[in-house]
Amino acid sequence: MEIKPFKVEEWMNEYEKEAVYDIAGTCVKNFSLSELFSFCGVDERDFMHNLSQKTLTYLNISGSDEYKNGICSLYKTLKPENVLSTVGAAGANHLVFYSLIEPGDEVVSVVPTYQQLYSIPESFGAKVKILRLRPENDFLPDLEELAALVTPKTRLICLNNPNNPTGALIDDDLLKKIANIAEKNGAYVLCDEVYRGLEENSVSSSIVDIYEKGISTGSMSKTFSLAGVRAGWVATKDKKVLASLFSHREYSLICCSVLDEAISALALENAGKIINRNKKILAENREILNNWLSAQNNYYCCAPKAGTTALLYYKKDVSSKVFCDRLSKQKGVFTTPGFCFELENCFRIGYGCEKSLLKRGMELLNEFAYGI
Ligand SMILES: Cc1ncc(COP(=O)(O)O)c(C=O)c1O
């Protein structure tokens, strides 16, 4: 089966190795296991001892109780039977398309976003209609444009909230209006909520707490700083969808790692504490970013409201690929070019890194702007 190259992942693989100043990452300072234990006030030896007593068989096919209860605590109306564990949000998104999309189905997806959301349904033979998110609209979906794209043939609307790469946040009111358009046409809404919890001010609602045909995907990678654990989930209250997800999952997964779920359950028990840690890091770094932005005029940005990333636009007449390639080779600064998100004249930074790294990266961005 043909699928388009996954541009952001290919770029990362190629340029990550050369990075001296990596401000491309989308996580918030990931934990080591030791750091997680001490952050959660757990005795490392006890935890590892208990973990090593677990029989490594196929356990808890849909996900362990502790893990699924922890996930439910992040939602208002979910029950453990609404949740299936997956390998990351990447695995969750893939499972949704694998389970729901037939050749000829119509899918509407926002762009820019994580490429999975439009390239996987396209590879399964869906007709994918793109809803462009534009800076002049704060990168939020335009309801009139959405209403014009969605028809009774639309199987699925794909959103990503908070959004990667723009840092835009769809509030409850807008999310409800989107759900209304979906409902009128009998469409499901998949919302990739992998950055949920990392909002600047308000907390964003999940699509599953707003819409019966809503499907939420999430993971431990971004909000919980445990990307290496590779634990994610898909959640929905729609029984037909759940049955289909479960059936397709048997063919591709069976169950997830007993060890990953145990570590994730610990993090989820301490969700509030971890989210506060990460929000603090992001708020401080957002301030660095905003101060830097207002002190120069080579780059401009639509201020991010949530998540870990921002798009920086530059004023030079050069492609984003050439810009980021030269930035990497000349200054050692690793960023992600706009073309990975079907955009030009811009690049994405991740600001969940060490403060000193972010500051140095910004200084070098200034130097670079004068040089090209
Ligand atoms: C919007 C979005 N969805 C999904 C993923 C994949 O995340 P995970 O590590 O949970 O598979 C990413 C990773 O960057 C992402 O940005």
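Summary table below
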item	result
Selected residue [within 16 Å of the ligand (Cβ to nearest atom) and farther than 20 Å from T336 by Cβ] from R249, R277	R249
Residue list for region 164-174, filter: surrounded by fewer than 23 Cβ atoms within 10 Å (Cβ to Cβ) and among the aliphatic types (A, V, I, L, M)	L174
Search result, residues across region 323-346 that are within 24 Å of L117 (Cα to Cα) and part of a loop (DSSP other than H, G, I, E, B)	T335, E342, L343, E344, N345
Subset of region 176-205 (residues that are at pLDDT 95 or above, touching a helix residue (DSSP H, G or I) at 6+ places or on another chain (Cβ under 9 Å) and within 16 Å of the ligand (Cβ to nearest atom))	V189, L190, C191, D192, E193, V194, G197, L198, E199
I210 being away from the ligand (no atom under 15 Å from the Cβ), more than 30 Å from Q53 (Cα to Cα) and surrounded by fewer than 21 Cβ atoms within 10 Å (Cβ to Cβ)	yes
Counted residues, region 149-173 - those being within 16 Å of the ligand (Cβ to nearest atom) and assigned to a strand (DSSP E or B)	5
Residue in region 35-49 that is of a type in the set (S, T, Y) and part of a loop (DSSP other than H, G, I, E, B) present	no
Contacts under 6 angstrom Cβ, first residue in region 101-122 being in contact (Cβ under 8 Å) with a residue 12 or more places away in the chain and under 19 Å from A89 (Cβ atoms), partner more than 16 Å from the ligand (Cβ to nearest atom) and not in a strand (DSSP E or B), 6 or more apart	I101/F124; I101/A126; V107/A126; S119/K4; P121/I101
Single condition K321 does not satisfy, out of (1) closer than 17 Å to F139 by Cα; (2) more than 16 Å from the ligand (Cβ to nearest atom); (3) of a type in the set (K, R)	(1)
Residue within region 18-33 that is among the hydroxyl-bearing types (S, T, Y), surrounded by 12 or more Cβ atoms within 10 Å (Cβ to Cβ) and not assigned by TED's automatic domain parsing to the domain that holds K240 present	yes
Out of L84, L131, L146, sole residue that is more than 16 Å from the ligand (Cβ to nearest atom) and not in a loop (DSSP other than H, G, I, E, B)	L146
Answer from T26, T57 - the residue that is of a type in the set (S, T, N, Q) and over 27 Å from the mean Cα position of the chain (by Cα)	T57
Failed criterion for W233 (all others in (1) more than 18 Å from A92 (Cβ to Cβ); (2) part of a strand (DSSP E or B) hold)	(1)
Top-ranked residue in region 97-128 [being in a strand (DSSP E or B) and within 15 Å of the ligand (Cβ to nearest atom); ranked as nearest to F347 (Cα to Cα)]	V111
Boolean, V203 is within 28 Å of D171 (Cβ to Cβ) and of a type in the set (A, V, I, L, M)	yes
Sole residue being assigned to a helix (DSSP H, G or I), within 17 Å of the chain's Cα centre (by Cα) and either outside the structural domain of T86 (by TED's automatic domain parsing) or surrounded by 22 or more Cβ atoms within 10 Å (Cβ to Cβ) (or both), chosen from L289, L282, L311	L282
Scan of region 214-249 for residues that are free of Cβ contacts under 8 Å to residues at least 40 places away in the same chain, under 26 Å from K176 (Cβ atoms) and buried (at least 21 other Cβ atoms within 10 Å of the Cβ), ordered by number	G214
Qualifying residue in region 86-106 (condition: under 28 Å from C302 (Cα atoms), at pLDDT 95 or above and either more than 16 Å from the chain's Cα centre (by Cα) or of a type in the set (D, E, K, R) (or both))	no
Any hit, region 51-63, residues being within 16 Å of the ligand (Cβ to nearest atom) and assigned by TED's automatic domain parsing to the domain that holds V194	yes
Residues satisfying the stated conditions in region 1-17, i.e. surrounded by 18 or more Cβ atoms within 10 Å (Cβ to Cβ) and closer than 30 Å to P103 by Cβ	V8, W11
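The values are calculated or read from the model by the stated rules, or taken from the named source; none is laboratory data. These numbers were taken from a predicted model, which means no experiment stands behind them. Virtual Cβ from ideal backbone geometry, glycine too; neighbours counted across all protein chains shown.
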